[in-house]
Amino acid sequence: MPKIGFVGMGNMGKAILMGALKEFPKEDIIFSAKTSDTKKKIYKETGVEYADSNAECANKCKYLILAVKPQFYDEVLNGIRYMLTPEHVIISLAPGKTIDQLKANLGNDKRIVRVMPNTPAMIGEGMSGISCRKEEFSEVELDMLERIFGACGKAEFIDETLMNAVVCASGSSPAFAYMFIEALADSAVRYGMPRKQAYVFAAQAVKGAAAMVLETEEHPGVLKDRVCSPAGTTIEGVAALEECGMRDAVLKASAAVYKKCTEMS
């Protein structure tokens with residue numbers, strides 16, 4: 001019997017499935033999707049078995065990943081609730097859906113995990129925050145959660161009270177990073193660089209800077225200072241960004257994300 005089931009094969013569901021295939025054999029995975037065309041397409045790409053319905057998918061697995069949008073949650077939960085048992089590990093990817101809310105919907109005996117991944121999981125460079133009541137799970141089950149989401153990049157357990165902060169730090173922030181890369185590329189195009197080449201230079205610079213933070217574990221401010229030579233070019237650019245309120249803009253963007261998460265709860 002497959003260990004891992006996916007309900008929903010949108011971008012995030014497919015990204016995590018592709019990551020899981022690096023860690024688990026296809027025979028350990030099953031999925032369901034909204035349309036027959038999607039099911040056949042994913043099966044052709046991966047060889048992973050699909051279920052005829054969400055209920056069948058839930059019935060055939062232990063770890064059930066709900067990769068559906070919040071607005072479709074009630075419909076999906078209504079279709080699978082009678083297939084769920086206390087033995088299931090139910091994994092929700094929806095922002096704003098708390099463990100208490102899901103237990104109230106599915107039953108207090110159900111074991112719920114909240115995960116907030118991000119779109120770089122599609123290329124194995126994702127960041128996932130995992131939240132659950134650890135006392136409800138075995139060490140084997142907790143290890144399995146780390147294996148599933150670690151196969152898509154990095155994964156860390158966090159307290160549920162920090163889940164909205166995870167959306168700010170990594171869930172929504174790739175969009176902000178893409179905007180920054182686009183702006184950097186525009187600046188290079190402005191001074192004569194071909195656009196395709198400009199995107200490569202800008203994206204690699206951002207990727208390299210991020211890798212430096214993770215690998216050196218030094219404070220970003222320290223790394224920034226090392227690029228800024230006295231009376232040099234970079235410090236002029238930093239001064240311009242500060243004058244234009246870059247930090248304030250990022251903080252306000254995160255505040256807007258956090259507010260929306262709170263409203264969705």
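Read-outs throughout are calculated quantities, based only on the coordinates presented, and are distinct from any laboratory measurement. In this text the structure is predicted, and so the values were computed from the model without any measurement. Because the Cβ atoms are built from the backbone with ideal geometry, glycine has one as well, and the counts that use them run over all protein chains shown.
Out of Gly153, Gly237, Gly171, any idea which swings most in a Gaussian network model of the chain, alpha carbons joined below 10 Å? It is Gly237. Pick out, from Ile80, Ile42, Asn118, the residue whose Cα sits farthest towards the positive end of the charge dipole of the chain, with +1 on the Cβ of Lys and Arg and -1 on the Cβ of Asp and Glu. In the chain, that residue is Ile42. Largest GNM mean-square fluctuation across Pro194, Pro120, Pro174, computed for the chain with C-alpha springs under 10 Å, falls on Pro194.
What size of dipole, in debye to the nearest 20, comes out for region 4-160 about its Cα centre when the only charges are +1 on Lys and Arg C-beta atoms and -1 on Asp and Glu C-beta atoms?
Computed about the Cα centre, the dipole is about 520 debye.
Using Cβ point charges alone (K and R +1, D and E -1), the dipole size of the chain about the Cα centre works out to roughly 800 debye. The distance between label points at Arg226 and Ala255 comes to 3.3 nm (points 7 Å beyond Cα on the Cα→Cβ vector).
Taking region 165-264, how many lysine pairs are there with alpha carbons less than 25 Å apart, if each pair must be eight or more places apart or span two chains?
5
Most mobile of Ala175, Ala33, Ala67 per a Gaussian network model of the chain (Cα springs, under 10 Å)? Greatest mean-square fluctuation among the candidates belongs to Ala175. Against the empirical 2.2 N^0.38 Å (N residues), region 8-48 has a Cα radius of gyration ratio of 1.05.
Please say if region 171-264 is rounded, prolate or oblate, where rounded means a/c under 1.5 for a ≥ b ≥ c the square roots of the C-alpha gyration tensor eigenvalues, and otherwise the choice is prolate for a/b larger than b/c and oblate otherwise? Cα axes put region 171-264 in the prolate bin. For region 5-76, the equivalent ellipsoid built from the Cα gyration tensor has semi-axes of 17, 13, 12 Å, listed from largest to smallest.
Of the cross-linked pairs Lys40/Lys154; Lys3/Lys97; Lys34/Lys69; Lys3/Lys26, which ones have a Cα-Cα span greater than 21 Å in the structure shown?
Pairs exceeding 21 Å: Lys40/Lys154; Lys3/Lys97.
Every Cα-Cα pair in region 4-160 was counted, and those over 23 Å apart are 29% of them.
When each of the peptides 246-253, 157-164 is scored by how many other beta carbons lie within 10 Å of its residues on average, the order from highest to lowest is 157-164, 246-253. Here the Karplus curve 6.51 cos²θ - 1.76 cosθ + 1.60, taken at θ = phi - 60°, turns the phi angles of region 5-16 into couplings of x, 10, 9, x, 10, x, 4, 6, x, 5, 4, 6 Hz, with x standing for Gly and Pro. Taking the Cα centre of region 127-265 as origin and assigning +1 to Lys and Arg Cβ atoms and -1 to Asp and Glu Cβ atoms, the resulting dipole is close to 720 debye. Labels on offer are [x] 7, 27, 26, 17, 12, 8, 3, 0; [y] 6, 26, 31, 20, 12, 5, 0; [z] 7, 32, 37, 19, 4, 0, and the one holding P(r) over Cα pairs in 10 Å bins from 0, in percent computed from this structure is [y].
In region 171-264, taking the dipole from charged Cβ atoms about the Cα centre, the farthest positive-side position among Ala249, Leu223, Ala202 is held by Ala202.
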